[in-house]
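Here the structure comes first, spelled out in structure tokens, and everything after it is commentary.
The values are calculated or read from the model by the stated rules, or taken from the named source; none is laboratory data. For clarity, every value in this text was computed on a predicted model and none was experimentally measured. When we count neighbours, we look across all protein chains shown, and the Cβ atoms used for this are built from the backbone with ideal geometry, even at glycine. For accessibility, only protein heavy atoms count, side chains too; no ligands or nucleic acids. Shrake-Rupley method; radii C 1.70, N 1.55, O 1.52, S 1.80 Å.
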Amino acid sequence: EEEKDEEEEVKGKGKTVVLESSKRVEPPKSLSTQILLNNSFLSDLAVVSCVYKTDVNIILAINRLILESQKIGNSHRIFIEQLSQTGLFFGLFSSFRLLNKTENIVKEIVQVLRNFLIYFGENIPETNNSNNKNNIDLDNDEIHLNDFNNSNLKVKIVDRNVTLFVAFGAISLLLKIIEEYSGNSEIVELILETIYLILSAKQPGIKTSFILDNGVSRIIQIQKSQIENAIIQTKIFQIFKFVFFHPTYLKEEEKNENFPKTLNELLNSSILILRSNQENLLLVDAVLNFLENSTANKISKFDASEILGDKVQFISSLMSKYQDNPLIQSSTCNILRNVSILGYRNHFDLETLSPVVSALKAYPTHPIVQANALAVMWALVTQKNTRQIVLDSDAMSLAIKSIGPNKDNPIVQRMAIGTIRGLSYDNPEMQEKLLKSDGIVLIYESLNRFLEEPQVVIESISVYYFLSKNTTYRSLLREVFLSGLLVEVLRVHPKNEEIQNLSLSTLWNCSVDAEGSKDVDRAGVDYIIKAMEAYPENFDIQEDCIQIFCNLCFHKFGVKKMKTAGVIKLTNLAIKNHEKLADRGRQLIRMINRESDCFQM
């Protein structure tokens, strides 16, 4: 067709088509679909692409045809399946190998190859369908393609085609070409996007192949050369999410003496990128994800938290900027938590903590935000130099309020109760505040609900242990029949030494008075005896058991059971193993034998 500088209408068969200045004829979509979904036509194209694989004009024409066809809505899925079956992809890839020195063809073929990896449309089959083996879920991550950013457009990875990519050596070729065209932002963006899609798939070995091709170090060089390009930086940090902290990469780099310097430079450049692109949500999210992983991994004796320690105020300020974005809130909280838990707390103050408090209030039912924000509170409250700023933030009320709305999430329960534990420790004012709220009942319900979750159990019983040391609070603990639940905990976790010890120590405190001993006797002493049998070498457990039995004897509960269950024999063994238990142990034996000469322990 002759080139035309202006658009003109062509009449034919009652349809109107437009000849554009781009020299492209667009037939009606129904006709396009019929032609392009014809296997015979695609097979002919495959032959043409192989025969004329070095002819730039023909390959470009095929590419443009495919690029246009990939915009035909939901028919794209069928087209992609047939494209891989006819061998057309192989022909195009062969051309790519031969013609990658030509800039215009590199750009167009990369677009085709990239689109070949995905289905997109408005009605793509769900990935959780077991019969749909071609689709791969991306851990709920959203894929963002620069020229397909319609909010209604769904994108899914085509599993089979990713496998073809890797088999054809696409990773090595793309890495080579991106180095050659490192100054061409448009080509770099497309190749990074294609690599991102390949790495998004979950087939084993793909990430390792990329790493073994020195992919990470080569991408880092691109990152340095395109520091001002926000789109490229976004794609690079999205790629880092998949490979930078991959075990294979870290294992190799730990032998590299220059790696700490590289990571140091990357972390510092990350902060600079954040500072200059605070309005770019995608980039902010990608960089924060990288920092989140950096602070969670201690690499090559290199502590990322040390570098970020004095940046916490700036990182915290991003939470205020993106108050309406729960993902930014949770990522930022996790970075702050990681920095604080590794000891870099000197830069935290009430102003830094304020956005964390706001996140807890703004997202009461968002489990990730709640868990990460509470984790910051918990990490800070356990240290003397930051404890006061948490106390001043009304953290007790926030932690208690978090339990109810997130009652089915064990991670949030652990973080909330762990924060309460840290606040309650050796702090009568906080304990009083807890008791005046419904926190005691909420923690009891959480412990009962997650009886088989060791971490929730440990934090819950720790709170009760602190409270049970206070005579005034014991009557409140009896109201929820805590002793009964503690004995159940002993039954459920017979091999968890820490849980056994905590439960028994709390039972010791609860059994001091007559009503408490009555509750312990009602709950049953069988599992207390079993604990004594199971841990003969554990001094604390032996002491707890002996003290509980002494308290029961003094109030005349369970003595008969002790006589028949072999408690005397177990006590003699405890005396033999632990000299410090001799006096108390012999006293228990006398109390069991005579039921007299008892005194309150």
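Quick notes on this structure:
- Cβ-Cβ FRET estimate between GLN323 and ASN184, R0 fixed at 60 Å, reported to 0.05: 0.95
- Measuring r between the beta carbons of SER475 and GLU429 and using R0 = 25 Å, the FRET efficiency lands at 0.80.
- Subtracting the Cα-Cα distance of ARG586 and GLU533 from 0.36 nm times their residue separation leaves 17.3 nm of extension gain.
- With R₀ fixed at 45 Å, the C-beta to C-beta distance from LEU65 to LYS361 puts the FRET efficiency at about 0.25.
- Neighbour net charge for THR248 - beta-carbon separation under 13 angstrom, K R +1, D E -1: -1
- Projected label distance in nm at GLN313 and LEU250, using a 7 Å step from Cα toward the beta-carbon: 3.2 nm
- Net +/- balance of residues flanking GLU432 in space, Cβ distance below 15 Å, scoring K and R +1, D and E -1: 0
- Among residues other than LYS407 with Cβ under 11 Å from its Cβ, the summed charge is -1 (Lys and Arg +1, Asp and Glu -1).
- Computed with every protein chain present, the accessible area of ILE239 is close to 0 Å² [probe 1.4 Å].
- The length gained on full extension between LYS556 and LEU212, counted as 0.36 nm times the residue separation minus their Cα-Cα distance, comes to 116.6 nm.
- CYS50 contributes an accessible area of around 60 Å² to the protein surface, as traced by a 1.4 Å probe with all chains present.
- Accessible heavy-atom area order of LYS433, LYS207, LYS518, highest first, probe of 1.4 Å: LYS518, LYS433, LYS207
- Taking segment 327-407 and dividing mean pair separation by its residue count, relative contact order in percent (alpha carbons under 8 Å, at least six apart): 38 percent
- Overall, the accessible surface of segment 510-601 at a probe of 1.4 angstrom is composed of carbon and sulfur to the extent of 47 percent.
- 3J(HN,Hα) along segment 393-406: 8, 6, 5, 4, 4, 5, 5, 5, 5, 6, 5, x, x, 10 Hz, from the Karplus curve 6.51 cos²θ - 1.76 cosθ + 1.60 with θ = phi - 60°, whole Hz, x for Gly and Pro.
- Per-residue HN-Hα couplings for segment 474-485 [Karplus 6.51, -1.76, 1.60; θ = phi - 60°; Hz; x = Gly/Pro]: 5, 5, 5, 5, 5, 4, 9, 6, 4, 4, x, 5
- The slack in the chain from THR163 to GLN278, taken as 0.36 nm per residue of separation less the alpha-carbon distance, amounts to 37.7 nm.
- In Å², nearest 10: area of TRP378 left accessible to a 1.4 Å probe: 50 Å²
- Computed from backbone phi with θ = phi - 60° and the Karplus coefficients 6.51, -1.76 and 1.60, the 3J(HN,Hα) list for segment 346-358 is 4, 9, 8, 9, 5, 5, 5, 7, 4, x, 5, 4, 4 Hz; x is used for glycine and proline.
- Percent accessible area from carbon and sulfur atoms, segment 162-206, protein chains only, probe 1.4 Å: 57 percent
- In this structure the amide hydrogen of VAL158, modeled in the peptide plane, comes within under 5 Å of the amide hydrogens of ILE118, TYR119, none closer than 5 places in sequence on its chain.
- Protection proxy ranking of 474-484, 156-166 - average other beta-carbon atoms within 10 Å, highest first: 156-166, 474-484
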